[in-house]
1. For T6, T206, T65, T105, what ranking results if the residue with the fewest other Cβ atoms within 10 Å of its Cβ goes first?
2. Which of L137, I193, C155 sits farthest toward the positive end of the charge dipole of region 119-204, with +1 on the Cβ of Lys and Arg and -1 on the Cβ of Asp and Glu?
3. Calculate the dipole size of the chain relative to its Cα centre from +1 charges on Lys and Arg beta carbons and -1 charges on Asp and Glu beta carbons; express the result in debye to the nearest 20.
4. Which entries of K75/K149; K101/K153; K93/K149 have Cα-Cα distances beyond 26 Å here?
5. For region 1-84, what is the relative contact order in percent, using Cα pairs closer than 8 Å and at least 6 residues apart in sequence?
6. Which of the GluC sites (Glu not before Pro) found in region 103-154 are loop residues per DSSP with 15 or fewer other Cβ atoms within 10 Å of their Cβ?
7. Counting only DSSP beta bridges with both residues in the chain, tell me the antiparallel percent, nearest 5.
Amino acid sequence: MRILITAGPTREYLDDVRYISNASSGRMGYALAQAALDAGHEVILVSGPVSLEPPPGATVCRVETTEQMRAACLKWFPQCDGVIAAAAVCDYKPRERIAGKISKTGGPISIEMIETDDVLAELGNSKGRRWVVGFALEAANPRENALQKLRAKNCDLVVLNGPEAIGSEENCVELIDSSGHPLARWEGSKRSIARRLIEWIDGHFTPQVNSGR
């Protein structure tokens, strides 16, 4: 199969030097890319800014903002059999990016924020016969919120993990389908979890894109 994988954070700029982002290291997405390659799949890796070296053999598309990630995913998804969306995409961005650098004023400032485009939902709504696996990082009511995310974004599966996964070498995840019940629970290094997820995908999903692409 040809698999689209997203990894790492995105950034949304307040001005030309400052941005909002998160502490995602990209390790989960990069581990998934390596595991998919090891299993004989083609990999399109759409990566936000991280300090990791991509696995040899992957087609890498480096992005920075959520809009850039969206554009790259919409370009590559029609040529893939499915997507694993492991990126930690910014949910909000400033309504207006200030040119130059915001100067100190000696007092508080207010910055109006708006929602970014929902990349995963857009992929889910345009998937056709392709499969979509999302990641849900939840702290409160984790399974309930993960199930809501799965349904709202038209995913086939969602991988539920917690805030402790951000920036860590280890992870603990549950694989959840539309019933809301966990199909599997894996704990350990992100590499070992990546291998198990790819093995699960291999056993349950089939290629959906013409092999002559």
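FYI, it's all coordinate maths here, none of it is from the lab. This one's a predicted model, so the numbers in the text were calculated from it and none came from an experiment. Virtual Cβ from ideal backbone geometry, glycine too; neighbours counted across all protein chains shown.
1. By the 10 Å Cβ count, ascending, the order reads T105, T206, T65, T6.
2. Comparing the listed Cα positions along the dipole, C155 ranks first.
3. Values: 25 positive and 27 negative charges, 67 e Å.
Dipole magnitude for the chain comes out near 320 debye.
4. K101/K153
5. 39 percent
6. E112
7. About 40 percent, rounded to the nearest 5.
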